[in-house]
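The values are calculated or read from the model by the stated rules, or taken from the named source; none is laboratory data. Remember, it's a predicted structure, so these values are computed and weren't measured experimentally. Because the Cβ atoms are built from the backbone with ideal geometry, glycine has one as well, and the counts that use them run over all protein chains shown. These accessible areas exclude ligands, DNA and RNA; they are computed on the full protein's heavy atoms, side chains included. Shrake-Rupley method; radii C 1.70, N 1.55, O 1.52, S 1.80 Å.
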Amino acid sequence: MEVTARAPGKIILAGEHAVVHGYTAVASSIDLYTVFSIRLRSEDDDTVKLTLNDIGLDFSWSVRRIKEVLSHLGSPFSSTPTSCSLETIKSLATLVDEQSFPETKIGLASGVYAFLWLYTSILGFKPATVTVSSELPVGAGLGSSAAYCVSLSAALLALSDSVKLDVSQKGWSTFNETEAELVNKWAFEGEKIIHGRPSGVDNSVSTFGNVIKFKSGVMTRVNSNMPLRMLITNTKVGRDTKALVANVSARKSRHPDAMCSVLNAIEAISDEWSTIIQSHAVDDLYLSANEEKLGELMEMNQGLLLSMGVSHASIENVLQTSMKYKLASKLTGAGGGGCVLTLLPTHISGEVIDKLVEELGSFGFQSFTAGIGGKGVQISFDHSS
Ligand SMILES: Nc1ncnc2c1ncn2[C@@H]1O[C@H](COP(=O)(O)OP(=O)(O)OP(=O)(O)O)[C@@H](O)[C@H]1O
Ligand SMILES: C[C@@](O)(CCO)CC(=O)[O-]
Ligand SMILES: [Mg+2]
């Protein structure tokens, strides 16, 4: 039997970075998915094979070798999400180094550490073939790391003793609330390995889907009543969330008072965002007034992100280009490159959007739209293999 789990990416509508320091963010899932498939092999077939399709890397460890390095941890402990210690990360790095990780892709190694941690903690030492593929650009602000950790945790838990699913179900099915909570907690432990200091907003929105508000580790569902449309532009400038989050923390400790004001202002923006999208538009006039307010909030949020040091020339280029069309934009996710959101109000014509996309394309950027606010993580079982 093969188990497949898919988890969506996300956009942060307001409050990235501030949320790491306990201030509110508003985020929504998007209908682009990361998909993990796991097929257990027979016990005498002593290997765990991992294929990372998006980054073109393959790994193959013998279960004996993994046991040698990690069995002192006493796994599996699937019902007890546990943090990976620095000591254990060193052991995981040994297992990865033995597979000659290419130097040019070394920034991606933490995803493989997260894999090994979640795999052995949830399933123990079982031989399996594992593959992952994603519709999300990796490391571009759309929550690829969270979708990776959520879909992996979901597929592993589906094979563990901690979750009892009906494996005869056909097609995609969802977890109940308690199971989804467990998936989310394990995914957060994976995110910690990749991000260093994640707030938990990305794994929560990937697990539960829809639109959420998030503050100090607590998620609140937001019932959006607005038809939100965003153009997502990938600047294709590579960046690393861990480094950007660390830079913001350093700036905060250098300028605590100034940064406190910036973070409070961002929280006010997030709160206003959630109030506006929950309100019911009584007519078109009301809707377009609200769209205008959201555009202004995006511009203000972007200005504050610039002051935190996480914008980038490529992001500024997208902002200026969209401004020519009187459209508001902000970076989404960790910034430093990656993706930018541009609000597409309901009155805007397809022709204008096409022109903007073409102009952005002339800089080498790639723009697309995605469905906003769909389901969170889902699972399916295939008995044919
Ligand atoms: N499909 C994938 N295959 C392999 N590794 C992945 C995949 N998706 C994510 N990763 C891991 O996640 C890391 C990227 O995470 P990072 O947090 O920097 O970016 P992001 O999650 O896309 O953006 P943000 O956190 O701003 O939303 C990669 O370096 C890799 O380790
Ligand atoms: C930059 C950040 O706020 C969002 C990344 O999508 C980091 C986090 O919340 O973990
Ligand atoms: Mg991430």
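General remarks:
- Interchain or long-range residues, amide H under 5 Å from Met230's placed H: Leu344, Ala370
- Exposed trypsin sites (Lys or Arg not before Pro) absent - longest run of the chain, DSSP non-H/G/I/E/B, at most 12 other C-beta within 10 Å: 1-163
- When only the Cβ of Lys, Arg, Asp and Glu is charged (+1, +1, -1, -1), the dipole of region 113-206 relative to its Cα centre reaches about 200 debye.
- The residues neighbouring Thr131, those whose beta-carbon lies less than 15 Å from its own, together hold a net charge of -1 under the Lys/Arg +1, Asp/Glu -1 convention.
- With the whole protein complex present, Met1 retains an accessible surface near 80 Å², based on a 1.4 Å probe.
- If only the Cβ of Lys and Arg carry +1 and only the Cβ of Asp and Glu carry -1, the dipole of region 24-153 around its Cα centre is close to 200 debye.
- Stretching the chain fully between Lys293 and Glu358 yields a gain of 20.7 nm (0.36 nm per residue, less the alpha carbon separation).
- Under DSSP loop assignment and at most 15 Cβ neighbours within 10 Å, longest chymotrypsin sites (Phe, Trp or Tyr not before Pro)-free interval of the chain: 173-324
- The chain, accessible area per residue, ligands and nucleic acids excluded (1.4 Å, Å²): 42
- Kyte-Doolittle mean at least -0.5, axial Cα span of 24 Å or more - DSSP H helices of the chain: 256-278, 284-307
- Accessible area, probe 1.4 Å, largest first, for residues His72, His383, His21: His72, His383, His21
- Spatially, region 5-65 and region 153-169 are offset by 17 Å when compared through their Cα centroids.
- Carbon/sulfur fraction of accessible area - region 1-158, other protein chains in place, 1.4 Å, %: 49
- Sparse-neighbourhood loop sites, GluC sites (Glu not before Pro) in region 1-110 - DSSP loop, at most 10 other Cβ within 10 angstrom: Glu43
- Unit charges at the beta carbon, dipole of the chain: most positive-side option, Leu70, Ile353, Ser367: Leu70
- For the set Ser144, Ser83, Ser153, the ranking by accessible area, highest first and with no ligand, DNA or RNA atoms included, is Ser83, Ser144, Ser153 under a 1.4 Å probe.
- With every protein chain in place, region 223-369: carbon and sulfur % of accessible area (1.4 Å): 53
- Total formal charge among the other residues, if their Cβ is under 13 angstrom from that of Met230, Lys/Arg +1 and Asp/Glu -1: +1
- Of interest is the spacing of the C-alpha centroids, which for region 78-134 and region 367-382 amounts to 25 Å.
- Dipole of the chain, positive direction: furthest Cα of Tyr119, Val237, Phe208, with charges on the beta-carbon: Tyr119
- For region 245-383: rounded, prolate or oblate by the Cα gyration tensor [a/c cutoff 1.5]: rounded
- Charged-residue dipole, Cβ positions (Lys, Arg, Asp, Glu), the chain about Cα centre, Debye nearest 20: 540
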